[in-house]
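As structure tokens, the structure follows; a few thoughts come after it.
The values are calculated or read from the model by the stated rules, or taken from the named source; none is laboratory data. The structure displayed is predicted, hence computed values, not measured ones. Note that each Cβ is placed from the backbone with ideal geometry, even for glycine, and that neighbours are counted across all protein chains shown. Keep in mind that these areas ignore ligands, DNA and RNA; they rest on the heavy atoms of the full protein, side chains included. Shrake-Rupley method; radii C 1.70, N 1.55, O 1.52, S 1.80 Å.
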Amino acid sequence: MTIKINIEPNKNPVIERYENELKVGARTVNINELQKMFASDLPIDTLLSVLI
């Protein structure tokens, strides 16, 4: 499975999922959702150092 995130100026990001190079899904998210997804994968000490 491969995930691609397309970010264009003045548009919401689009997350696309591919399996065996075949697109099987796409979802438009707002920038806040995208930030939460990235932040959820960070180690807690890294996240806290960014917030402080």
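Within region 5-23, the set of residues being in a strand (DSSP E or B), without any contact (Cβ under 8 Å) to a residue 12 or more places away in the chain and loosely packed, with under 11 Cβ neighbours inside 10 Å comprises just one member, L22.
As a summary of the residue check, A39 satisfies the conditions (1) modelled with pLDDT under 85; (2) among the hydrophobic types (A, V, I, L, M, F, W, C); (3) open to solvent by 70 Å² or more (accessible area, probe 1.4 Å); (4) more than 9 Å from the chain's Cα centre (by Cα) except for the one numbered (3).
Remark: pairs (first residue in region 27-47, touching a residue at least 12 places away in the same chain (Cβ under 8 Å) and closer than 19 Å to T2 by Cα; second residue open to solvent by 80 Å² or more (accessible area, probe 1.4 Å) and of a type in the set (G, A, S); Cβ separation under 6 Å; 6+ apart in sequence or on different chains) are absent.
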